[in-house]
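Accompanying notes for the structure given below.
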Amino acid sequence: MLLPIHIQRRGPLKVASFPDLGLADQGGPVIARATDLTDTEMDALWHSFKGSLTNVDLITFKNIVPVLGPQLNPLYRLDCAEDDQTMLMLVMAEDGEQEVWRRRPVFKEVRQKGKKLTAEGVTFTEARTADERAEVLAFIREQRRLRFQAMGRTNSLEFPGRIGFYQDIADLEYENRNAVFLSLRTETEIVAAIMAFVTPDMINGVLIGMGGEKWHRMSPGVVLFAQAIEWAKENGLKQFSFGTGMQGYKQRFGPQEVPLKRIYLPLTQIGSSLLKLRQLRQAIWNLWRTIPED
C-alpha cells in the first residue's frame, strides 16, 4: 500500500492530508491488486503509519470512497473513519444487458430538448487539441465565477494553484490525457461544458459550466450529462461518477448513492483541542442555520 501525504502548517497546527490539496472528489491510498488487505493487516499498517508522523498534530482525510477500482478501500474500514457526505454513481450495464437508467423520464426530456438544441445548430463535441480544451476550461471558469459571485460564495477554483492545475491538464497531449473536455456548442459559442477525469473504468465529472440565460429553457445541462453518459458507454467505461453533492439534476438519472467517509484524527494535545474547537464552531453554525429569520 502506498499512502502519500502532504504536511502543511495551518496556524499553530501541522496537518497531514492527501496531497490533492482539495482537488479530488474521491480519496484513498494506492494499493496493489494482488489481494485485499484484511482488517488485522490494515490495523497494523495504520498503527505503523501514525507512529511515523512524529511532526504532525492532526490527520485529515476527506471523501474516502468504499472501493478503489475492483478492491476495497482499507481506509474506509478503519474505526476512526466517520460518515461524511454522499457521492452519486451511475453503473453502466455490460453489453447486451438492459440499462434501467435509459427508461427514466429524464431521457424523454433529453430527446425533446436535444432536438431543439440541434435545430439551433448545437452539437456535442469532445475538445481534442490544447487550444480547444483551453477554450472549454476558460468558459467553465468564467461561468463558475459569475455563478459564485451571484451566490456570494468563495470560488475555490481561483485558490492559488488550482486553476493552474486544470490548465496543465488541458495542455496535455491528447494521447496522454487523463481528463476529457466535453461540450455542447455552436460554431461560435459554447452552450454547456464539463471537464471530467477518466480512468480505464470510470469517468468522474469535476467542473461544469452553463452558458447564457437564452439557452436555459432548452436544459443544456441535462442534455450534456446524457450525452456524456453515452460517450462514457461508447468508450467502454463502466461507471459514471457525478462527484459529491446531491443536486436534483444528478438524481434524475437514477444513480446509486455511495456514502463517503472522512478521518479527522488528532495525534497531539493541541490537535485534539483545536479539533474540539472546530467541532464546537460547526455545531454553533448548524444551530444558527435552524433559527428562523424575523
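Given the whole protein assembly as supplied and a 1.4 Å probe, what does the accessible area of Arg145 come to in Å², nearest 10?
90
Please compute the length gained on full extension between Thr60 and Ser48, using 0.36 nm multiplied by the number of residues separating them and subtracting their Cα-Cα distance.
Extra length available between Thr60 and Ser48 comes to 2.6 nm.
Write down Rg/Rh for the stretch 140-257, rounded to two decimals, with Rg from the C-alpha atoms and Rh from the Kirkwood relation over Cα pairs.
With Rg and the Kirkwood Rh in hand, the quotient comes to 0.95.
Provide the per-residue ³J(HN,Hα) series for the stretch 47-61, in order, calculated from phi with Karplus coefficients 6.51, -1.76, 1.60 and θ = phi - 60°, each as a whole number of Hz, with x at glycine and proline positions.
Each residue's phi maps through the Karplus curve to give 4, 5, 4, 4, x, 7, 8, 6, 10, 10, 9, 8, 9, 10, 10 Hz.
Given a Förster distance of 45 Å, report the FRET efficiency between Val91 and Glu173 from their Cβ-Cβ distance, rounded to the nearest 0.05.
0.90
With r as the distance between the Cβ atoms of Ile270 and Thr38 and R0 = 30 Å, compute the FRET efficiency 1/(1 + (r/R0)^6) and round to 0.05.
E(calc), rounded to 0.05, equals 0.30.
Structure shown: which of Lys108/Lys261; Lys14/Lys250; Lys116/Lys250; Lys113/Lys261; Lys250/Lys276; Lys238/Lys276 lie over 30 Å apart, alpha-carbon to alpha-carbon?
Those over the limit are Lys108/Lys261; Lys14/Lys250; Lys113/Lys261; Lys250/Lys276; Lys238/Lys276.
Expected output is a single nm value to one decimal: the length gained when fully extending between Leu277 and Leu72, i.e. 0.36 nm times separation in residues minus the C-alpha distance. What is it?
Residue separation times 0.36 nm, minus the Cα-Cα distance, leaves 70.5 nm.
Tally Lys/Arg at +1 and Asp/Glu at -1 over every other residue whose Cβ is under 15 Å from the Cβ of Gly248; what's the total?
Net charge in that neighbourhood comes out at +1.
Please give the per residue accessible area of the stretch 1-125, computed with a probe of 1.4 Å over protein heavy atoms only, in Å².
58
Remind me, relative contact order of the stretch 36-139 in percent, using alpha carbon pairs under 8 angstrom and six or more residues apart?
Result for the stretch 36-139 is 17 percent.
Local charge sum around Thr118 (other residues, Cβ-Cβ under 14 Å, Lys/Arg +1, Asp/Glu -1)?
Summing Lys/Arg as +1 and Asp/Glu as -1 gives +3.
Any chance you could give the angle, 0 to 90 degrees and rounded to 10, that helix 130-151 forms with the longest Cα principal axis of the chain?
On a 0 to 90 degree scale, this one is about 70.
Counting only protein heavy atoms and a 1.4 Å probe, tell me what percentage of the chain's accessible area is made up of carbon and sulfur.
The C+S portion of the solvent-accessible surface of the chain is 52 percent.
The values are calculated or read from the model by the stated rules, or taken from the named source; none is laboratory data. In this text the structure is predicted, and so the values were computed from the model without any measurement. For neighbour counting, all protein chains shown are included, and Cβ atoms are generated from backbone atoms with ideal geometry for every residue, glycine included. Ligands, DNA and RNA are excluded from the accessible area calculation, which covers all protein heavy atoms including side chains. Shrake-Rupley method; radii C 1.70, N 1.55, O 1.52, S 1.80 Å.
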